[in-house]
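Reviewing the structure listed below.
The values are calculated or read from the model by the stated rules, or taken from the named source; none is laboratory data. What you see is a predicted model; the values in this text were computed from it and never measured. Heads up, the Cβs are rebuilt from the backbone with ideal geometry, glycines too, and the neighbour counts pull from every protein chain shown.
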Amino acid sequence: MQTHAPPGAGSTPDRTGALPAESARRIYRDMLTARLLDTEAIALQRQGVFPAYVSLRGQEAAQVASAAALDRDRDFAFPTYREMAVALTLGVDMVGYLASHRALWHGGRYDPIASRFGSINAVVGGPVPHAVGWALGERLRGETGCAIAYFGDGASSQGDVHEALNFAGVFGSPVVFFCQNNRWALSVPNERQIAGGSIAARAAGYGMPGITVDGNDAAAVHNATRSALDRARSGGGPTLIEALTYRLAPHSTSDDTTRYRDRGEEHAWQERDPLPRLGTALEEAGHADTAFFEQIEDGARAAVERIRDGIATAPPPAGSDLFTYVYREPTEELARQQRLWREEVEP
């Protein structure tokens, strides 16, 4: 699992023998669905349906394979604003998830408790301390669930992340810190904001193992995540995983990569696209044929169409929601504001 693929390096296809055939096929299906939905979301932004959108293109293996390793009855994922493929893999209502991107809801209109997928968090590094707090609470309750905290290489420079790592290390919280190192913190490359060149190497200072894995190798990601979860579940404490991948698309739909990235670098990483890599590996292992790929693509496209239509027709939230989801027990001041609101908007 100590695979550090340098920028632009070539690589052999994933060895799916490390995964059961059905698991590998399911991961491929979710990766393809996420890729197609990501493409549709970008189109919706260009059409003015979404004010903005952040693409995950190129990071499907890191997201889907790590999420597939979770126990959906016990574990809990804490995402940033880019983990759409994690949400998809965990069975989140994708119309509800993308309601946030259409500005119909803040943090996603879905049930985070039922889906085991926290609300979308746009604060850089923000979900990481939340994951540690949840994991500590889980241990204090005597339960066996683990948290996985997603963050990027840029977030690894945030104080919140370091405080969370230290806290988890001191208290042995059952957390998997999953860093998707896509080499660009918006427009700042790794070498300008990661001292020492490795995020995983920082783990030693917090008393936990640090694992570097090829983030474009679905089997390697899945196995590294499963091992870290097993360790945490058995009382071994947290693990930091650095999944080396690449953001093939701009940081967001308002970003222009030509201002800071080399075209040659982008082309080299396109050759390591995780989706065709896994497809080739499935074929070579005898786990998939032309009929399988056609069936999977037809199903994925149909699913994406249903999600797209659901987003387009999703109604705006009720105005009363401004007050419903603020406090568990409303305060007098909130009740006063709600009364004023009703007087102004209701006939």
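Run ALA224 past the list (1) in a loop (DSSP other than H, G, I, E, B); (2) at pLDDT 95 or above; (3) not charged (D, E, K, R) and report the number of the one that doesn't hold. That leaves (1) as the condition not met.
Taking segment 301-318 as the search range and keeping residues that are in a loop (DSSP other than H, G, I, E, B) and surrounded by 12 or more Cβ atoms within 10 Å (Cβ to Cβ), which one is modelled with the lowest pLDDT?
Step one: of segment 301-318, the residues in a loop (DSSP other than H, G, I, E, B) are 314-318.
Keeping just the survivors that are surrounded by 12 or more Cβ atoms within 10 Å (Cβ to Cβ) gives 314, 317.
On the way: ALA314: 90, PRO317: 85.
Going through the qualifying residues, I end up with PRO317.
For the condition of a type outside the set (A, V, I, L, M, F, W, C), surrounded by 12 or more Cβ atoms within 10 Å (Cβ to Cβ), within 27 Å of ASP111 (Cβ to Cβ) and assigned by TED's automatic domain parsing to the domain that holds ALA147, ARG261 does not qualify.
Under the condition of being more than 15 Å from the chain's Cα centre (by Cα) and of a type in the set (A, V, I, L, M), the residues counted in segment 82-126 number 6.
Run down ALA168, ALA201, ALA243 and say which single residue is out of contact with any Pro (no Cβ under 9 Å at 6 or more places or on another chain), among the hydrophobic types (A, V, I, L, M, F, W, C) and crowded, with 24+ Cβ neighbours inside 10 Å. Show your work before the answer.
Values: ALA168 fails: out of contact with any Pro (no Cβ under 9 Å at 6 or more places or on another chain); ALA201 fails: crowded, with 24+ Cβ neighbours inside 10 Å.
Sole residue among the options that is out of contact with any Pro (no Cβ under 9 Å at 6 or more places or on another chain), among the hydrophobic types (A, V, I, L, M, F, W, C) and crowded, with 24+ Cβ neighbours inside 10 Å: ALA243.
Among residues of segment 89-109 that are under 19 Å from VAL326 (Cα atoms) and crowded, with 23+ Cβ neighbours inside 10 Å, none has a Cβ under 6 angstrom from a residue that is modelled with pLDDT of 95 or more and among the small types (Gly, Ala, Ser) at a sequence gap of 6+ or on a separate chain. Residues in segment 21-56 that are assigned to a loop (DSSP other than H, G, I, E, B) and buried (at least 19 other Cβ atoms within 10 Å of the Cβ): PHE50, TYR53, VAL54, SER55, LEU56.
Scanning segment 235-279 for residues that are modelled with pLDDT under 95 and out of contact with any Gly (no Cβ under 9 Å at 6 or more places or on another chain) yields a count of 15.
Results for (1) of a type outside the set (S, T, N, Q); (2) part of a helix (DSSP H, G or I); (3) at pLDDT below 95, shown as yes or no for each residue.
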site	(1), (2), (3)
ALA65	yes, yes, no
ASP71	yes, no, no
VAL86	yes, yes, no
SER100	no, no, yes
TYR110	yes, no, yes
SER119	no, no, yes
VAL128	yes, yes, no
SER156	no, yes, yes
ASP160	yes, yes, no
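A single member of ARG116, ARG74, ARG82 is at positive phi and charged (D, E, K, R), and it is ARG116. Of the listed requirements (1) touching a Lys or Arg at 6+ places or on another chain (Cβ under 7 Å); (2) in a helix (DSSP H, G or I), ALA249 misses just one: (2). For segment 180-218, a residue qualifies if it is of a type in the set (A, V, I, L, M, F, W, C), in a loop (DSSP other than H, G, I, E, B) and touching a helix residue (DSSP H, G or I) at 6+ places or on another chain (Cβ under 8 Å), and the qualifying residues are ILE194, ILE199, MET208.
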